[in-house]
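Visitor: Below you will find the structure I want to go over with you.
The values are calculated or read from the model by the stated rules, or taken from the named source; none is laboratory data. Being a predicted model, the structure only gives us computed values, none of them experimental. In this analysis, Cβ positions are derived from the backbone assuming ideal geometry, glycine residues included, and neighbour counts consider all displayed protein chains. Just so you know, the surface numbers come from the protein's heavy atoms only, side chains and all, with ligands and any DNA or RNA stripped out. Shrake-Rupley method; radii C 1.70, N 1.55, O 1.52, S 1.80 Å.
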Amino acid sequence: MFTGIITDIGTVRSREDRGDTRLVIATAYDTDTIDLGASIACSGACLTVVDKGADGEGHWFAIDASAETLARTAPGMWDQGRRLNLERALKIGDELGGHIVTGHVDDIGRIVSVEPVGDSVTVTVAAPASLAPHIAAKGSVTVDGVSLTVNEVTDQPNGDAHFTLNIIPHTQEMTTLNEAAANRPVNLEIDILARYLARMQARGA
């Protein structure tokens, strides 16, 4: 379980494609404090630490990404050199500064536009039709692992929904959202409450 509050930006140091894809990720975390088997959210995807260490380049941890993980996350997300939003799993008693995030990517969205507004930027994201009913103004959404508040939602003729986000300077500095650009794919996770309500409605509850 996570909160969507990013605590480090990691970088994919290496990628090895085999049965699963082994990724080594550079981090500022002290890996002595990370247990093997621990969960770390990497740009919104909850992954398991299978190896760790430190060398002349700094601390690193390794994860194995399955074919399902690669298929369910944004294209290019796991390429060598890619920067990733990192968050360690929530501990009982930690401050819940964002919202409850599971680290399960629901679908892939696409950035439509990025417009400066003062020192902030307004980012418009296209959510696919599968998620459109679950995006609400003033509700929460996770974009590449970052907990954000939806400003406005506009339904599109093709069933998609365009929603806007205000990215303040602090968020730009602390996350990879400073790289936001039109047509960039992003990982989306809807609010967990919306997920359960959708299931209840589908079952006629």
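Visitor: Using a 7 Å offset from Cα along Cα-Cβ at N166, what residues in the stretch 103-126 end up with backbone N under 17 Å from the label point?
Guide: Answer for this model: 114-125.
Visitor: Shifting gears a bit: Enter the accessible area of L197 (Å², nearest 10), with the probe set to 1.4 Å and all protein chains included.
Guide: Counting only protein heavy atoms, the figure is 90 Å².
Visitor: When the accessible area of the chain is split by element with a 1.4 Å probe, what percent falls to carbon and sulfur? Walk me through the intermediate numbers first.
Guide: On the way: 5110 of 10200 Å².
After summing per-atom areas, the C and S share lands at 50 percent.
Visitor: Under a plain spin-label model, where a point goes 7 Å from the Cα along Cα-to-Cβ, how far apart in nm are T122 and A89?
Guide: Result: 4.0 nm between the two label points.
Visitor: How far is helix 192-202 tilted off the main Cα axis of the chain, in degrees rounded to 10, range 0 to 90?
Guide: So the inclination is approximately 50 degrees.
Visitor: How much solvent-accessible surface does H170 expose, in Å² to the nearest 10, with a 1.4 Å probe and all protein chains in place?
Guide: For H170, the solvent-accessible surface is approximately 110 Å².
Visitor: So, one more: When the helices in the chain are scored as -39500 (n - 2.57) per DSSP H run of 4 or longer and the sum is shared across all residues, what 222 nm value do you end up with, to the nearest 500 deg cm²/dmol?
Guide: On the way: 3 runs with 23 residues, N = 205.
The helix-only estimate for the chain comes to -3000 deg cm²/dmol at 222 nm.
Visitor: Residue-wise, which Karplus ³J(HN,Hα) couplings in Hz belong to the stretch 61-73, taking 6.51 cos²θ - 1.76 cosθ + 1.60, θ = phi - 60°, and x for glycine or proline?
Guide: 9, 10, 9, 10, 9, 6, 4, 5, 4, 5, 6, 8, 10
Visitor: For the stretch 111-131 and the stretch 148-195, compute the distance between their C-alpha centroids and round to whole Å.
Guide: Value for the Cα centre distance between the two parts: 6 Å.
Visitor: Once ligands and nucleic acids are excluded and a 1.4 Å probe is used, how much of S66 is accessible, expressed in Å² to the nearest 10?
Guide: Solvent-accessible area, nearest 10 Å²: 40 Å².
Visitor: If DNA, RNA and ligands are ignored and the probe is 1.4 Å, what is the ranking of W60, W78 by accessible area, most exposed first?
Guide: Details: W60 45, W78 5 Å².
In descending accessible area the options line up as W60, W78.
Visitor: Compute the accessible area per residue over the stretch 111-193, keeping the other protein chains in place, probe 1.4 Å, unit Å². Write out the running numbers ahead of the final one.
Guide: Working: 3720 Å² over 83 residues.
Value returned for the stretch 111-193: 45 Å² of accessible area per residue.
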